[in-house]
Amino acid sequence: MPAAQINQPSNQIRLTNVSLVRLKKGKKRFEIACYKNTVQAYRAGHETDLDNVLQIPNVFLNVSKGQVAPNAEIEKSFGKGFKRDEVVMEILQKGELQVGEKERAQELERVHREVLEIVAGRLVEPKTKRVYTTGMIEKALEQLQSQGGHAGRHAGKDEGKSREQSANTGNSTPNGDAGDTEAKEPVKPKPIWTGVTTTKSAKSQALDAMRALISHQPIPVARARMRLRITCATAMLKQAVKSAPSADGDAPTTGTVRDKILSFVEQIETQDVGGEEWECIGFVEPGNYKLLGEFLDGQTKGRARAEVLDTAVTHEAD
């Protein structure tokens, strides 16, 4: 009996140690094979050389089995005008990245470190104005994470009690008319912290972490403020600025350039006019600094600027 012969299909390509990017188009799922830790860098603009991203510039039905997608399947799903290279790019840009456990852990650790750095740079101890280390912020967040579920449940119980008290108060009016007593607004649950995830940006998660820390105060914290010197030509200060309509449909409001600039300033330290230039030194929330800069660039055409004097209010040791 002749020995069994194993035929290797000519259209199969074996690839190992890859990151898969998948995209479902129509009723078919297509895949491309990429090098590990390169897809996110490409999407963020840090990597521009496709040779460093794609293991092979081809479209697969199943990378693990080496099944290359036939032209007929590509044309059926993407259309006849699509070229294979264009399909590869669409999958790379829009597809879902499949990562292994080790890659997922590395990405989670990267986001975790970034969140801690952002939070530590924007929160201070209220009395001394000292900034916290990332280690102290990490311990505070771990404490919140271990108690996060309880915080949410307590908030729900408080809300329920508030509604019950409002009902009892309304029923105990002298005239027996519950409508004469204003209903108390339900207590808004405090924000909770459940840990870092890779599905949201580090910046948005850092904002969530700061809200939870400020709300629960596992350690005494307050938002740090940037100290700025804002200068503007006096001729520009009285120019009218119309705000965009709000999402609620309210009519746009009108104010001056000076009014708009001061709306970004949380606390004014000094304000003075010298010759043809107005100067204001004050404190601005870090999140408003970019908005202020965009307003100055777009509205004053270079005749106003914001100079950072201190990036955070910190305590200077004796």
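According to a simple spin-label model (label point 7 Å from Cα along Cα-to-Cβ), what is the distance in nm between Val308 and Met136?
The two pseudo-label positions are separated by 2.1 nm.
If you only keep lysine pairs separated by 8 or more in sequence, or across chains, how many in segment 18-98 come under 22 Å at the Cα atoms?
The number of close lysine pairs in segment 18-98 is 27.
Counting Lys and Arg as +1 and Asp and Glu as -1, what is the net charge of the other residues whose Cβ lies under 12 Å from the Cβ of Arg303?
Once all neighbours under 12 Å are counted, the net charge is -1.
Amide H of Lys36 versus every other amide H placed in the peptide plane: which residues, excluding those fewer than 5 positions away on the same chain, fall under 5 Å?
Sorted by chain and number, the residues that satisfy this are Ser19.
Under 5 Å between amide H atoms, partner at least 5 residues away or on a different chain: which partners does Gln98 have, H built in plane at 1.01 Å?
Leu20, Val21, Arg22
So who's got an amide H within less than 5 Å of the one on Gln67, skipping anything under 5 residues away but keeping other chains? H placed 1.01 Å off N, in plane.
Ile13, Leu61, Asn62
In whole Hz, with x marking every Gly and Pro, tabulate ³J(HN,Hα) for segment 102-109 from phi via Karplus 6.51 cos²θ - 1.76 cosθ + 1.60, θ = phi - 60°.
Karplus-based 3J(HN,Hα) across segment 102-109 equals 5, 5, 4, 5, 5, 5, 5, 5 Hz.
Lys65 versus Lys188, label points 7 Å from Cα toward the beta carbon: distance in nm?
Here the modelled spin labels are 5.4 nm apart.
Could you derive backbone 3J(HN,Hα) for segment 28-39 from the dihedral phi with the Karplus parameters 6.51, -1.76 and 1.60 (θ = phi - 60°), listing whole Hz in sequence and x where the residue is Gly or Pro?
10, 10, 10, 9, 10, 9, 10, 6, 5, 6, 10, 5
Length gain on complete extension for the stretch Thr234 to Lys36, per 0.36 nm per residue less the alpha carbon to alpha carbon distance?
Full extension from Thr234 to Lys36 adds 65.7 nm.
Heavy atoms of the protein only, probe of 1.4 Å, neighbouring chains included. What is the accessible area of Phe283 in Å², nearest 10?
Approximately 20 Å² of Phe283 is accessible to the 1.4 Å probe.
Suppose R0 equals 45 Å; then what is the FRET efficiency for Glu285 and His46 from their Cβ-Cβ distance, rounded to the nearest 0.05?
About 0.95, to the nearest 0.05.
Let me check I've understood the local charge: for Arg229, count other residues with C-beta under 10 angstrom from its C-beta, Lys and Arg +1, Asp and Glu -1. What total comes out?
Once positives and negatives cancel, what remains is -1.
What's the carbon and sulfur percent of segment 225-310's accessible surface, probe 1.4 angstrom, rounded to a whole number?
Carbon plus sulfur share of accessible area: 47 percent.
Just to confirm a number: summing +1 for Lys and Arg and -1 for Asp and Glu over residues other than Glu285 whose beta-carbon lies under 14 angstrom from that of Glu285, what do you get?
+4
Given the options Val308, Gln239, Pro286, identify the residue whose Cα lies farthest towards the positive end of the charge dipole of segment 225-310 (+1 on Cβ of Lys, Arg; -1 on Cβ of Asp, Glu).
Gln239
The values are calculated or read from the model by the stated rules, or taken from the named source; none is laboratory data. Values in this document were obtained by computation on a predicted structure and should not be read as measured data. Because the Cβ atoms are built from the backbone with ideal geometry, glycine has one as well, and the counts that use them run over all protein chains shown. Accessible surface is based on the protein model in full, side chains and every heavy atom, while ligands, DNA and RNA are left aside. Shrake-Rupley method; radii C 1.70, N 1.55, O 1.52, S 1.80 Å.
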